[in-house]
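FYI, it's all coordinate maths here, none of it is from the lab. The structure displayed is predicted, hence computed values, not measured ones. Here the Cβ is made from the backbone with ideal geometry for all residues, glycine too, and neighbour counts use every protein chain on show.
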Amino acid sequence: MKKAQPIFVTQPSLPPLEEFMPYLEQIWENKILTNGGPFHQQLEQALCDYLGVQHIALFSNGTLALLTALQALRVTGEVITTPYSFVATSHAMLWNSIRPVFVDIDPHSFNLDPAQIEAAITPQTTAILPVHCYGRPCDVEAIQKIADNYNLKVIYDAAHAFGVQDQRGSILNFGDLSVLSFHATKVFNTFEGGAIICKDAKTKTRIDQLKNFGFVNETTVVAPGINAKMSELNAAFGLLQLKHVDQAIARRQEIDQAYRSGLAGIRGITVPDNMPGVVANYSYFPILVGPEYPLSRDALYEKLKEQNIFARRYFYPLITDFPMYRGLPSAKKSLLPRADQAAAEVICLPIYPALSADDVQRVIAACAEYAQG
Ligand code: T4K
């Protein structure tokens, strides 16, 4: 039997190629390829307007943005974070000689549980680095309260949270800094890319210096900065993407709804509710494969693969399972039972604008087929 076309967990949205040509021609004419060129500046302004934030500094990727965010606030010692994320979240700490202290998640939001943060604070703690996992907002108020009480910085890893809002506006305005990823797999992409969002011009200047080797002017270097600048090619693509992003998110929402109705009632599969009052970006579609489902999560994952459906187990293994974190006292499995359970049960189903209605039904049918036992 002929295998059906592969369906990947995501696929980047690409506008028609001819729409990108004028941008390329402009770059060729300008002969400015990087170092804060005109497209870079335009994209920063356009993103501030689109996202409803005050200052944004573009980066070559989200990981370097995270690394730089920690340096910008001079974070040292210990930082409280989640084990349920992509490994870049805590790698950024190790690159800064910071010790991550892992705290369990809230099983409904998949985010750092504020009720457990206080117990993890020590005299060495200087910051909290939560993740808006799958674009689901953290309990930003509870986290800020703790940070204020203990004089801690808050840096949000908002890699998944492009465009997410709650009743108060952009979720990216909470904490001291928020970090975005514009990787090819994200809702808004610049091939590779990222950004730091901050609230004042002074911090933005420091961040801009840090991403440019620490240069202040031609002859003055004030910090051991890195090269994390976004090129003109990436920035131009971002400007084009921005024109299409609302449409892309709207299509994601339709897919989200189709999955919700198609998967409802399948024994053993739980679809986490969308969070009330949140304007979501539908970046991921996580489902939980519980003990009532006839197959284990991993068996379902393999069966889907046999049908050429490449779902992903974001985030399995937990960060705390990787060798460079495993030995930390806070990485003990017994301390992180909810993160452990999520890592054992979650599958993220394919979701991206070009996913056809038929393919969505193919994924639903596969999940339903194995539910029969
Ligand atoms: N913090 C968090 C919470 C993050 O999730 C991430 C990144 C970061 C920080 C760091 O940001 P960056 O430094 O990456 O900007 C992907 C991404 O590489 C990574 O950006 C992302 N998180 C993570 C959750 O997912 P993989 O290993 O799953 O990617 P990959 O290459 O297997 O791609 C998944 C599927 O997407 C492929 O099966 C096919 C499709 N695909 C992928 C690419 C790259 C395409 O169709 N075209 C493409 O160009 O990590």
Using distinct alpha-carbon pairs, which all enter the 1/r mean, Kirkwood radius of the range 17-240 in Å: 17.8 Å
Förster radius 41 Å - calculated FRET efficiency between Gln361 and Asp139 (Cβ-Cβ, nearest 0.05): 0.70
Volume per residue that the Cα convex hull of the range 245-371 spans, once the total is divided by residue count, Å³: 136 Å³
Over the chain: helical MRE at 222 nm, DSSP H runs n ≥ 4 each giving -39500 (n - 2.57), nearest 500: -11500 deg cm²/dmol
Relative contact order %, the chain, counting alpha carbon pairs below 8 Å whose residues are six or more apart: 23 percent
Full-stretch length increase - Gln341, Asp166 - with 0.36 nm per residue and alpha-carbon distance subtracted: 60.2 nm
For the range 333-372 versus the range 225-301, the gap between their alpha-carbon centres in whole angstrom: 11 Å
In nm, spacing of pseudo-spin labels at Ala299 and Val216 (7 Å Cα→C-beta vector): 6.5 nm
Gain in span if fully extended, Gln307 to Ser97, counting 0.36 nm per residue against the direct Cα distance: 71.2 nm
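Longer than 29 Å from Cα to Cα, which of Lys211/Lys332; Lys303/Lys332; Lys145/Lys204; Lys199/Lys332; Lys153/Lys186 are they? Say none if no pair is.
Pairs exceeding the cut-off: Lys211/Lys332; Lys303/Lys332; Lys199/Lys332.
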Most mobile listed residue (Asn227, Asn281, Asn217) in the chain, GNM with C-alpha springs under 10 Å: Asn217
Share, in percent, of DSSP beta bridges within the range 1-150 that are antiparallel, nearest 5: 10 percent
Zone of Glu18's modelled label, taken as backbone nitrogen in the range 352-366 under 18 Å from a point 7 Å along Cα→Cβ: none
Point-to-point label distance, Gln372-Asn149, nm (Cα→Cβ direction, 7 Å offset): 5.4 nm
Within straight-line cross-link reach of Lys229, aspartates and glutamates at Cα separation under 13 Å, skipping those fewer than 8 residues along the same chain: Glu44, Glu192, Asp208
